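Participant: Take a look at the following structure, please.
Since every read-out is calculated from the coordinates, none of them should be taken as a lab result. Not measured: the values here are computed from a predicted model. Using ideal geometry, Cβ is built from the backbone for each residue, glycine included, and neighbour counts are taken over all protein chains shown.
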């Protein structure tokens, strides 16, 4: 997938955690810990706007259907939901966290942010400001949260009062010739008072406005009047009809005039000179008095204000920059490109990348786990192969030598090399140490490869073709073509070696599964006939069973030694679900997509995962032939095939209303509708309409450890793992060993007893709570009294805390006790041996 798909990117308060919208979910990237995580909740449509509270504890995420989620970031839970009348074009918290400014259509609304009290409706609308001729692009709050600066598409910026009683008439900043992209308050570094405003427009102009105080706020004298003549002659003004001057002491007093009623003057105009490119994103940092701008040609610039001095100007790509922000300290710049799925964090002082991630341009076709489950390789229609770290979710290498779509990837058993097959007629081997293509396998005549596998020793590579219906066999050492296996009469989409022998299994659209003895060159050893086209196959890890899916929605299980059909699972009703916009039949009656296109066994071979052109992934128990669980990959209504029932009012004689392209031709609000709605509609099999991508699963793979599995879906690669918090596995359970007893022991200051009880319960949260309840002076005494059989669990808790806990010294104080005591050290050596 991609770490960014459009909309806003924001920091969680003053922390190093970056939040970005990825479809209908929010991805968090911890730049300090170099890890990423997707929040467990999801919206009903693609998220477009994000805003975090000043403390960084709360998040407001608004989708393009007008619905918003108010979530607690620490708990990763949704607290409230609210629906606006239209999709917000801008949203921002006030500096004191009490208000939220939301732009809905041509209105600006001020909402009171939810409190900690239980309320029937926590969002309370305080004020609404109408009168805008076009949409709003961005907000900026004054430091005292009393004024709101609004940038509009009607070529103006407006200064609005937040509190009632100060008038409703806003101050208008005029003069721009294009839509205003951003407007920002400038403050005095000593007093913290607002003294100026910067407005930035789409045509690359930035205007500097100054606040006029005292007598300077009056209008200048008209030409030909006595006041104007006295100024020219240098005569001082006197009394009566002339303007009164304030004393020095009065000038030093802060002005109580509201900002929207004060006088503002245009001091100067500056231009970025990037024509014909348009300015698409900008941000301002008050403490540094610096402006960062991004353009539609991929160029960004950093400027020192008010002198307009350029610090740096660089090019990221040739595509439009849709977001550009500072972090709280101002040393990091964040840029996002929605079309490329690119997210960059740049440290401008040292001119280095803190983060540089880019997802696949089109849908992911195939995935593969490395033998140690540490790496994940993906291939997509953008001709690229990417290798990701499973623990952090970061891509660390991209191979782009293929010239056509990548259809299959396979890790070698040595964990040091990777194979990829492509429609360009090549099989490429990649070195994961030197990051280079060290071998390329081709055929005498060009072929399109759609399946790939290698034997356990890594000496033989086999690939199935789409056009010639053949299987090609190469030697990994010499790169020579050893054999061509013929016999199939349809595309060979399934190919896999037996884990325990040299038998190769292949499946084809000719309704057969064939077994080949590659090393003996005996051709097809056995053929399993089916009544419908065979779409894919998978070997059980022990090599004693083959599973294959057919076009009629069945999963057949064969014994490869006896050639007998062992089980059959009918999954048509399990995977069916979701109606496309173009469907004339209901989801229950249509036959489209009611079959599995990808299969994968669990590590122990007792379960099987199955996915296809549906919003579901099914997990079956093979022995009982029953559906254990059905995973819904997305609830994003921005994708097609998610709803089971469509609204009949959207269906007309001319076709569905959703297929009508009524969006703006030039998207200016930072949300690229072209991300994957219209980019790949011309590719074969990418989607059935030009409106929305279709929710489906192209590939599923279990990790060799059996603790997680990955699915290549329309939203990207989804990783599902076992939730350890729901596993109750006590080590020494008794009738009086309960969480309540642990809490009682802590309340009575019996910290040693509480720690032992939590270790017996084996509850991670209770163990950590007891660890932090101990005073540092008592750590050695309490840790030394822990029974030996619980020592391993305690050390595991230390290791877990060292990765994420900020109290490093306190955890190290705990951890050094078992290793410094000779008593514990001797027993620890025994534990290691066993």
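Participant: If N is the number of residues in the chain, what value comes out of its Cα radius of gyration divided by 2.2 N^0.38 Å? Write down the numbers at each step before the final one.
Facilitator: Working: Rg = 32.3 Å, N = 834, 2.2 N^0.38 = 28.3 Å.
Relative to the rule-of-thumb radius for its length, the chain sits at 1.14.
Participant: Extending each Cα 7 Å along its Cβ direction at residue 117 and residue 632, get the distance between those two points in nm, one decimal.
Facilitator: Output for this residue pair reads 3.6 nm.
Participant: Once each part is reduced to its C-alpha centroid, what is the distance from segment 301-321 to segment 618-637 in angstrom?
Facilitator: Here the answer is 50 Å between Cα centres.
Participant: Now for a different question. In segment 1-130, how does Rg compare with the Kirkwood Rh, expressed as the Rg/Rh ratio over alpha carbon atoms? Working shown, then result.
Facilitator: Details: Rg = 14.0 Å, Rh = 14.8 Å.
That ratio is 0.95, to two decimals.
Participant: If r is the Cβ-Cβ distance from residue 527 to residue 500 and R0 is 22 Å, what FRET efficiency results, to the nearest 0.05? Intermediate values should be presented prior to the final figure.
Facilitator: Working: r = 21 Å, r/R0 = 0.94.
Here the calculated transfer efficiency is 0.60.
Participant: So what is the relative contact order of the chain, in percent, for Cα pairs below 8 Å that sit 6 or more residues apart?
Facilitator: Values: 1997 pairs, mean separation 52.1, N = 834.
It rounds to 6 percent for the chain.
Participant: Helix 808-820 against the longest principal axis of the chain: what's the angle in degrees, Cα atoms only, rounded to the nearest 10?
Facilitator: For helix 808-820, the angle is close to 40 degrees.
Participant: Another question, then. Let me make sure I get this right: for segment 80-131, a, b and c are the square roots of the gyration tensor eigenvalues over alpha carbons, sorted descending. Under 1.5 in a/c it's rounded, otherwise prolate if a/b > b/c, else oblate. Which is it?
Facilitator: On the way: a/c = 2.03, a/b = 1.52, b/c = 1.34.
Prolate, since a/c reaches 1.5 and a/b exceeds b/c.
Participant: Continuing with the same structure: Let me make sure I get this right: for segment 66-108, a, b and c are the square roots of the gyration tensor eigenvalues over alpha carbons, sorted descending. Under 1.5 in a/c it's rounded, otherwise prolate if a/b > b/c, else oblate. Which is it? Working shown, then result.
Facilitator: Working: a/c = 3.01, a/b = 1.40, b/c = 2.15.
Oblate shape, in that a/c is at least 1.5 and b/c is the bigger or equal ratio.
Participant: So, one more: How much FRET efficiency would the formula 1/(1 + (r/R0)^6) give for residue 719 and residue 572, where r is the Cβ-Cβ distance and R0 is 45 Å, rounded to 0.05?
Facilitator: On the way: r = 28 Å, r/R0 = 0.61.
Rounded to the nearest 0.05, the efficiency is 0.95.
Participant: Now for a separate question. Taking a temperature of 4 °C and a viscosity of 1.567 mPa s, what whole-number D in µm²/s does Stokes-Einstein yield for segment 314-456 with Rh from Kirkwood over alpha carbon pairs? Each step should come with its number before you reach the end.
Facilitator: On the way: Rh = 16.6 Å.
It diffuses with D of about 78 µm²/s by this estimate.
Participant: Hey, another quick one. Can you give the FRET efficiency to the nearest 0.05 for residue 34 and residue 792, using r as the Cβ-Cβ distance and R₀ = 41 Å? Display every interim value, and only then the final one.
Facilitator: Numbers: r = 28 Å, r/R0 = 0.69.
It comes to 0.90.
Participant: If you fit an axis through the alpha-carbon atoms of helix 822-833 and take the longest principal axis of the Cα set of the chain, what angle between them do you get, 0 to 90°, nearest 10?
Facilitator: 50 degrees
Participant: Return the distance in nm (one decimal) between the two label points of a simple spin-label model at residue 809 and residue 658, each offset 7 Å from Cα along Cα→Cβ.
Facilitator: The modelled label-to-label distance comes out at 5.8 nm.
Participant: How long are the semi-axes of the ellipsoid equivalent to segment 364-719, from square roots of 5 times the Cα gyration tensor eigenvalues, in whole Å, largest first? Don't skip to the end; give the middle numbers.
Facilitator: Numbers: eigenvalues 221, 124, 73 Å².
Working from the Cα gyration tensor, I get semi-axes of 33, 25, 19 Å.
Participant: Using 0.36 nm per residue of separation minus the Cα-Cα distance, give me the extension gain between residue 773 and residue 544 in nm, one decimal.
Facilitator: Numbers: separation 229, 0.36 × 229 = 82.44 nm, distance 5.30 nm.
Result: 77.1 nm gained on full extension.
Participant: So what's the angle, to the nearest 10 degrees on a 0 to 90 scale, between helix 764-773 and the longest Cα principal axis of the chain?
Facilitator: 50 degrees
Participant: Note down the relative contact order for segment 1-130 as a percent, whole number, built from C-alpha pairs under 8 angstrom at least six residues apart.
Facilitator: Rounded, it is 15 percent for segment 1-130.
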